[in-house]
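A.B. asks: Sharing a structure below in structure tokens format, with a few things to ask.
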Amino acid sequence: MRLGVYGLALTFVLLVLIGVLAWVADEQRALPYEIRVPHIPNDITIYDGSPISVRHIVLLLLVGCKEALKFQNYLVILISWTVSWFLLGGMARKIRDIIFGIIFQYAVMILYLSIVHVRITLYIPESIIPAFCAFFASTGMFLLLKKLRKYDFFEVLEKKLNIRVEPGYKYEIPVPFTCPNCNAVQYSNAQYCWKCGTDLTKFYNERAR
Amino acid sequence: MEILRIENLRFAYEPGQWILDNINLRFRKGEFVLLIGPSGCGKTTLLYCINGLIPHRLKRGIRKGKVLLNINGKWHDAASLPMNVISQHVQTVFQDPEIQFFKLHVIDELAFTLENLGYSREEIARRIEFATKACGIEHLLNKDVFSLSGGEKQRVAIASALAVQPDILLLDEPTSNLDPVGAKMVLETIERIAKHGSLVILVEHRLEETSKHADRVIVMHEGRILVDAPPKKVYGDPELLQKLYEIGIRPPWPAELISRLRKKRILPENAPVPLTVEDASNIIKEYLKQGQLTPIKIPAPDIPSIFSSADNNRRPVIEIKNLWYMYPDGTVALRGINLKIYEGEFVGIIGNNGSGKSTLLLNILGLLRPSYGKVYVFGKDVTKISVAELARHVGLVLQNPDLMLFQPTVWKELAFGPRNLGLPKEEIERRVKMALKMMKIEKFAQRDPHRLSRGQRHRVAVGAVLSMIPKIFIADEPTTGQDYGSCKDYLELLAKLNKEGRTIIVVSHTLDIIARYCSRVVVLHRGRIVLDGPPREVFARADILERIQLDIPYITRISLLLRDLGIPVALRIEELESYLEKSLVQR
């Protein structure tokens with residue numbers, strides 16, 4: 001459930017970021033880019049070129065128009081977000097699960113808004129594209145570093161925590177194997193042979209080399 | 001001098017169900033009394049009557065009779081004394097020391113009660129010094145209580161009680177959550193306290209470590225006193241021993257072994273009753289020396305075939321590949337574990353506190369993600385499937401059953417899991433009835449599980465897992481807080497499930513249980529596997545186990561001491577009895 005909570009928080013952060021970037025952009029110019037969400041019979045206008053204000057940012061977050069600010073609609077939107085994360089939060093194990101969760105919760109919200117016959121149109125300001133590129137580039141770098149960091153786990157142990165790791169414990173030891181001294185079967189990388197008591201650490205280190 | 005009298009005491013939580021029934025006892029200052037009995041017999045309730053929690057805090061229930069405390073030469077009924085007066089003369093240490101802690105630092109915790117009793121600074125300092133020396137915790141004074149090990153926490157709780165210098169010290173299973181090293185620490189402390197002059201009443205299931213120090217053993221059963229005698233009388237009298245077996249209490253292994261040998265006439269009926277391993281082996285050797293017995297060497301039993309040849313066609317149900325786990329605070333709990341557990345195995349995982357046993361279990365269940373390496377259950381990476389999906393096939397019973405119980409009745413508790421699997425109503429009912437019967441808790445079906453005794457709650461928790469019919473059953477410390485009879489029933493049940501083809505993994509400090517039931521023992525120490533093999537061979541490696549401060553089962557210890565008589569390593573008392581019967585021939 002913890003990742004689910006992070007996902008919920010991340011959603012808010014992302015949308016506030018988009019709102020802030022749109023505010024920084026020149027909102028007075030005409031907006032040449034428009035994306036229509038396919039197969040949805042109704043649509044709403046999120047951003048129509050008006051100056052960005054707190055009200056617009058809130059509307060952006062709610063993926064709605066003025067009707068979204070009515071109490072009952074606001075309540076249902078909150079419920080749809082919460083339900084989505086309750087459904088997904090327990091299953092979220094990786095970042096891609098969170099991304100899927102964010103998309104899913106907006107799908108639920110758009111579905112609700114479609115049912116109450118609200119028009120949806122997504123506009124993207126021109127100057128936001130470099131910001132999106134920067135955002136995706138930094139996210140990609142973060143994910144790559146995270147993946148690379150996995151292979152530096154032992155460096156972290158040795159350099160930061162001062163834990164010396166023998167080579168025999170850095171690699172997988174295929175089990176079962178037989179003791180080099182007495183041929184007794186070992187079903188794990190135990191330090192000593194259960195039969196003859198031989199210290200097997202040397203054997204693991206040689207195997208790792 | 002008599003310090004405590006209990007006269008015709010009766011107590012019932014619910015009308016008509018007497019938990020204590022006509023208890024009459026007298027205690028003297030400086031006695032060390034061991035109070036034993038099966039789960040639910042009323043031991044803890046008796047302690048609550050002595051320390052005034054009944055009736056002052058637990059106001060419901062029906063109480064009759066008297067608990068009289070001798071305060072400054074005058075007898076007072078505990079029911080009419082205020083708690084603040086009782087607590088100056090009677091102190092209690094509970095099973096879980098954390099529930100007693102109020103302060104963050106050890107020294108503040110020790111001073112807390114004394115400050116509340118209005119002692120001067122100088123007096124507080126003097127009493128803290130006394131208590132810390134008695135409990136050997138001088139080096140812990142400035143530490144955070146919650147950063148201590150289990151044994152250290154329990155010693156701080158005892159020191160906190162001892163600082164009051166009570167006339168009576170009550171201890172309710174203080175070692176049940178501790179590993180053998182921690183338990184030994186605590187029991188040595190208790191023995192020192194008894195020598196200081198307080199009456200010590202200790203409720204315990206670990207009879208081997210405690211009986212040798214006790215002046216008196218009181219056995220309770222169904223709210224009544226069954227036996228009240230010195231330990232050697234209780235364990236040495238065949239009739240009393242028989243009564244203990246009938247109520248599910250096993251005497252200490254050394255005493256039981258000699259008793260069995262006496263029954264089989266290998267030793268004479270007047271052979272002394274030992275309370276320690278060394279005494280037991282010395283008695284046997286003494287009769288040998290006197291020429292009454294003649295040793296004959298007998299061959300050791302064969303090693304199980306699974307350990308004799310590698311069978312690559314066997315399917316591993318759990319596969320761990322170079323598993324490392326590091327906690328967020330930098331503690332490395334697992335260091336490169338490679339392990340395969342096969343279908344149908346009965347595996348015991350042992351190791352001292354902090355060796356990584358619980359972390360290993362949590363990684364298998366997917367509740368913790370490996371820092372490095374992989375864990376596969378039925379061939380699936382546990383990080384790629386949900387905990388809910390894993391729970392269909394892997395059942396875990398936690399050490400503390402209270403963490404698993406949340407339904408209003410036992411029936412609902414057992415039905416919760418199958419209901420979440422989406423099973424039909426009839427199947428749920430069938431599984432719940434099966435689990436109730438297996439755990440012998442049918443009579444509790446409609447009761448609130450939180451109102452049962454700890455041992456009964458544990459059985460409910462096991463039942464809740466059994467109703468899921470998991471393919472892998474993991475039990476974390478299944479013997480905590482359980483009497484011998486309940487432990488035996490539980491382990492026999494696990495053995496039965498194992499015979500049906502289920503894989504059983506048990507984490508336990510009770511090595512006799514591991515030796516008796518497991519076909520494989522994995523020994524962990526500081527995050528690594530030290531030994532992994534058949535129990536007979538693993539426990540024979542006494543030198544390696546001693547190096548990592550791990551004990552071996554009592555029976556195995558006795559058999560190792562008799563090695564020079566040609567006795568092979570024994571895991572169970574029946575084995576040792578049989579070896580001695582075959583090899584020691586009466587002249």
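A.B. asks: Sticking with the crude label model, points 7 Å out along Cα→Cβ, report the distance from A:ALA208 to B:GLN17 in nm, one decimal please.
C.D. replies: 5.8 nm
A.B. asks: For B:LYS133, list the lysines whose Cα falls under 19 Å from its own Cα; do not include residues on the same chain fewer than 8 positions away.
C.D. replies: Filter leaves B:LYS143, B:LYS153, B:LYS184, B:LYS195.
A.B. asks: Looking at the square roots a ≥ b ≥ c of the eigenvalues of the Cα gyration tensor of the range B:82-126, which shape do they give, rounded for a/c under 1.5, prolate if a/b is larger than b/c, or oblate?
C.D. replies: Judged from the Cα gyration tensor, the range B:82-126 comes out oblate (a/c at least 1.5, b/c at or above a/b).
A.B. asks: Moving on to the next point. Mean separation of Cα pairs under 8 Å and 6+ residues apart, divided by the residue count of the range B:2-239: what relative contact order is that in percent?
C.D. replies: About 28 percent, as a whole number.
A.B. asks: Is there a quick way to get the dipole size of chain B? I mean about its Cα centre, with the Cβ of Lys and Arg at +1 and of Asp and Glu at -1; what is the value in debye to the nearest 20?
C.D. replies: Charge dipole, chain B, about its Cα centre: 980 debye, nearest 20.
A.B. asks: Another question, then. Let's see if you can work this out: charge +1 on each Lys and Arg Cβ, -1 on each Asp and Glu Cβ, no other charges. What is the dipole magnitude of the range B:2-239 about its Cα centre, in debye to the nearest 20?
C.D. replies: My answer is approximately 660 debye.
A.B. asks: Note down the relative contact order for the range B:13-120 as a percent, whole number, built from C-alpha pairs under 8 angstrom at least six residues apart.
C.D. replies: 20 percent
A.B. asks: If you don't mind, there's one more thing I want to ask. What does the accessible area per residue of the range B:2-239 come to in Å², with a 1.4 Å probe and no ligands, DNA or RNA counted?
C.D. replies: 42 Å²
A.B. asks: Can you give me the pair-distance distribution of the range B:316-553, C-alpha pairs, 5 Å bins, whole percents?
C.D. replies: 1, 7, 14, 18, 19, 17, 12, 8, 4, 1, 0, 0
A.B. asks: Moving on to the next point. Which percent of the accessible heavy-atom area of the range B:316-553 goes to carbon and sulfur, probe 1.4 angstrom?
C.D. replies: About 50 percent, which is the carbon plus sulfur part of the accessible surface.
A.B. asks: Shifting gears a bit: Considering only the other residues whose Cβ falls under 14 Å of the Cβ of A:ASN189, what net charge follows from Lys and Arg at +1 and Asp and Glu at -1?
C.D. replies: +1
A.B. asks: Measuring from label point to label point, each 7 Å out along Cα→Cβ, what is the B:LYS143 to B:GLU98 span in nm?
C.D. replies: It is 1.6 nm.
A.B. asks: What is the local net charge at B:LYS29, summed over the other residues whose Cβ is closer than 11 Å to its Cβ (Lys, Arg +1; Asp, Glu -1)?
C.D. replies: -2
A.B. asks: Now for a different question. Between B:LYS499 and A:ARG164, take the C-beta separation as r, use R0 = 41 Å, and let me know the FRET efficiency to the nearest 0.05.
C.D. replies: The formula returns an efficiency of 0.35 here.
A.B. asks: Here's another thing I want to ask about it. Could you please state, rounded to a whole Å, how far the C-alpha centre of the range B:126-188 is from the C-alpha centre of the range B:545-568?
C.D. replies: About 30 Å separates the Cα centre of the range B:126-188 from the one of the range B:545-568.
A.B. asks: In addition: Normalised by the residues of chain B, what does the relative contact order come to in percent, with Cα pairs under 8 Å and at least six apart?
C.D. replies: About 14 percent, as a whole number.
A.B. asks: For the range B:201-235, which GluC sites (Glu not before Pro) are in a loop by DSSP, counting at most 15 other Cβ atoms within 10 Å?
C.D. replies: B:GLU222
A.B. asks: Where Lys and Arg each count +1 and Asp and Glu each count -1, what net charge lies around B:GLY356 among other residues with Cβ under 10 Å from its Cβ?
C.D. replies: My count for the surroundings of B:GLY356 gives +4.
A.B. asks: Another question, if that's okay. Okay, which of the range B:226-244 sit inside 15 Å, backbone N to the point 7 Å along the Cα-Cβ direction of B:LYS263?
C.D. replies: B:235-244
A.B. asks: Say R0 is 56 Å: what FRET efficiency, to the nearest 0.05, do B:LYS285 and B:LYS425 get from their beta-carbon distance?
C.D. replies: Working from the Cβ atoms, E equals 0.30.
A.B. asks: Considering only B:MET220, B:ILE258, B:VAL234, whose Cα is most displaced toward the positive end of the charge dipole of the range B:218-272, charges sitting on Cβ of Lys, Arg (+1) and Asp, Glu (-1)?
C.D. replies: B:ILE258
A.B. asks: DSSP loop trypsin sites (Lys or Arg not before Pro) in the range B:491-546 with at most 16 other Cβ atoms within 10 Å of their Cβ, which ones?
C.D. replies: B:ARG526
A.B. asks: Another question about this same structure. How much of the pair distance distribution for chain B lies past 31 Å, counting alpha-carbon pairs only, in percent?
C.D. replies: Here the long-distance tail beyond 31 Å is 54 percent of all Cα pairs in chain B.
A.B. asks: Can you list the aspartates and glutamates whose alpha carbon sits under 19 Å from that of B:LYS264, skipping same-chain ones fewer than 8 residues off?
C.D. replies: List returned: B:ASP237, B:GLU239, B:GLU256, B:GLU286, B:GLU574, B:GLU575, B:GLU577, B:GLU581.
A.B. asks: Please give the FRET efficiency for B:ARG547 paired with A:LEU111, using the beta carbon to beta carbon distance and R0 = 56 Å, rounded to the nearest 0.05.
C.D. replies: 0.30
A.B. asks: Then there is this: If you take the accessible area of A alone, add that of B alone, and subtract the area of the pair, what total do you get in Å², probe 1.4 Å, to the nearest 100?
C.D. replies: In total, this chain pair buries about 3200 Å².
A.B. asks: Which of the lysines could be linked to B:LYS384 by a straight reach, that is with a Cα gap under 29 Å, when you skip same-chain ones fewer than 8 residues away?
C.D. replies: A:LYS94, A:LYS146, A:LYS147, A:LYS150, A:LYS170, B:LYS321, B:LYS340, B:LYS357, B:LYS374, B:LYS471
A.B. asks: Let me ask you something else. Can you find, among B:LEU244, B:THR383, B:LEU423, the residue sitting farthest towards the positive end of the charge dipole of chain B, where Lys and Arg contribute +1 and Asp and Glu -1 at Cβ?
C.D. replies: Going by the charge dipole, the pick is B:LEU423.
A.B. asks: What value, in deg cm²/dmol to 500, does the helix sum -39500 (n - 2.57) over DSSP H runs of n ≥ 4 give at 222 nm once divided by the residues of chain B?
C.D. replies: Helix-only estimate at 222 nm: -11000 deg cm²/dmol.
A.B. asks: Now for a different question. Given B:LYS425/B:LYS488; A:LYS195/B:LYS499; A:LYS195/B:LYS263; B:LYS440/B:LYS488; B:LYS412/B:LYS437, which pairs have Cα atoms separated by over 24 Å?
C.D. replies: B:LYS425/B:LYS488; A:LYS195/B:LYS499; A:LYS195/B:LYS263
A.B. asks: For B:HIS56 and B:GLU343, calculate 0.36 nm times their separation in residues minus their Cα-Cα distance, and state this gained length in nm to one decimal.
C.D. replies: Full-extension gain reported as 98.0 nm.
A.B. asks: Sticking with this structure for a sec: Keeping every protein chain present and rolling a 1.4 Å probe, give me the accessible area per residue for the range B:316-553 in Å².
C.D. replies: That works out to 37 Å² per residue.
A.B. asks: Identify, among B:PHE473, B:ALA194, B:GLY527, the residue whose Cα sits farthest towards the positive end of the charge dipole of chain B, taking +1 on the Cβ of Lys and Arg and -1 on the Cβ of Asp and Glu, with the dipole about the Cα centre.
C.D. replies: Farthest towards the positive end: B:PHE473.
The values are calculated or read from the model by the stated rules, or taken from the named source; none is laboratory data. Treat the numbers as computed from the prediction; the structure is a model and nothing was measured. For neighbour counting, all protein chains shown are included, and Cβ atoms are generated from backbone atoms with ideal geometry for every residue, glycine included. Please note that ligands, DNA and RNA were not included when accessible areas were found on the heavy atoms of the full protein model with its side chains. Shrake-Rupley method; radii C 1.70, N 1.55, O 1.52, S 1.80 Å.
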